[in-house]
Amino acid sequence: MVDPDITRDPPAAAPADGRRARSRSSRAKIVAAMLDLVARGEVAPSAAEVAEVAGVGLRSVFRHFRDMDALYREMAEAIEGQLLPILMRPPEGATWQLRLFDIAARRAVIFETIMPYRISADVRRFESAFLMEGYRRQLRLEAEALTAHLPEAVRADAEGARGLNVILSFNTWRLLRHDQNLAPQEAAAVVRRMLADALARWSQG
């Protein structure tokens, strides 16, 4: 004979499971709405705009995210997850110079993907300690990732190494694409030309 108490336990958990599922769904919709708004050119979307696109109430946005910084953090994590396979692949090339050209090509793809989100964060970073720290972290990671592939003689040339970092930086890509309104392939060609000119000072090998 089956104990009637046992038969009642599973249904009792169903409402809680349903609430958790709805909560996860609402959170995912909010993040997706933020990503969609920024991708469409809304550099500083408000919580009300996010709520409208997500199809949730404004209170729901702040129930899941205590402030807009928390929403920007979630957005950054979603983008990093998308780009991680590209970031983790070692650069290809028989020489360090060729590896730098591979890094330039890869960064063109990455920067083109993140450009609207980086511009959006830049609009608010002077009002947000979190976003300012994220900006400085990105600059540091860009520089460190490049330095790891430079030979010692080039790293010792501080001015030359900094110049290479500028050429391969997101800010240079943004200037070419956003400020000078170049097409992606045109911007990539300019970066390759600047990189080739800069590398000409060092011997091949």
Query - Tabulated pairs, segment 57-73, first acidic (Asp, Glu), second at pLDDT 80 or above, C-beta under 8 angstrom, 6+ apart or interchain - result: Asp69/Ser128; Asp69/Phe130; Asp69/Leu131
Requested in this report: Output the residues belonging to segment 168-186 that are free of Cβ contacts under 8 Å to residues at least 40 places away in the same chain and either acidic (Asp, Glu) or under 16 Å from Arg106 (Cα atoms) (or both).
Outcome: Ser169, Asn171, Thr172, Asp179, Gln185, Glu186
Requested in this report: Consider Leu195 carefully, then state whether it is part of a helix (DSSP H, G or I), of a type outside the set (Gly, Ala, Ser), in contact (Cβ under 8 Å) with a residue 60 or more places away in the chain and within 20 Å of Ala39 (Cα to Cα).
Outcome: no
Query raised in the report: So, in segment 118-131, of the ones that are open to solvent by 40 Å² or more (accessible area, probe 1.4 Å) and in contact (Cβ under 8 Å) with a residue 40 or more places away in the chain, which residue ends up nearest to Leu175 (Cα to Cα)?
Result: Val123
**Report entry** Flag if Phe65 is at pLDDT below 90 and surrounded by fewer than 15 Cβ atoms within 10 Å (Cβ to Cβ)
**Finding:** no
Requested in this report: Could you please give the count of residues in segment 30-45 that are open to solvent by 10 Å² or more (accessible area, probe 1.4 Å), closer than 14 Å to Met75 by Cα and small (Gly, Ala, Ser)?
Outcome: 3
Report task. State which residue is modelled with the highest pLDDT when the search covers only segment 132-141 and only residues that are under 12 Å from the mean Cα position of the chain (by Cα) and open to solvent by less than 50 Å² (accessible area, probe 1.4 Å). Result -> Tyr135
Query raised in the report: Can you name the condition, by its number, that Leu164 falls short on among (1) in contact (Cβ under 8 Å) with a residue 60 or more places away in the chain; (2) over 28 Å from Ala196 (Cα atoms)?
Result: (2)
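If you take the residues in segment 78-112 that are among the acidic types (Asp, Glu) and more than 17 Å from Asn171 (Cβ to Cβ), which one is most open to solvent (accessible area, probe 1.4 Å)?
To start, the set of residues in segment 78-112 that are among the acidic types (Asp, Glu) comprises 80, 92, 102, 112.
If we keep only those that are more than 17 Å from Asn171 (Cβ to Cβ) too, we end up with 80, 92, 102.
Working: Glu80: 91, Glu92: 118, Asp102: 40 Å².
Ranking the candidates gives Glu92 first.
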Query raised in the report: Given the residues Arg73, Arg99, Arg89, which is the only one that is touching a Gly at 6+ places or on another chain (Cβ under 6 Å), within 30 Å of Ile167 (Cβ to Cβ) and not β-branched (Val, Ile, Thr)?
Result: Arg99
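The values are calculated or read from the model by the stated rules, or taken from the named source; none is laboratory data. Small disclaimer: the values here were computed from a predicted structure and weren't measured. A quick note on method: Cβ atoms are made from the backbone with ideal geometry, for glycine too, and the neighbour counts reach across all protein chains shown. Calculation scope for accessible area: heavy atoms of the full protein, side chains included, ligands and nucleic acids excluded. Shrake-Rupley method; radii C 1.70, N 1.55, O 1.52, S 1.80 Å.
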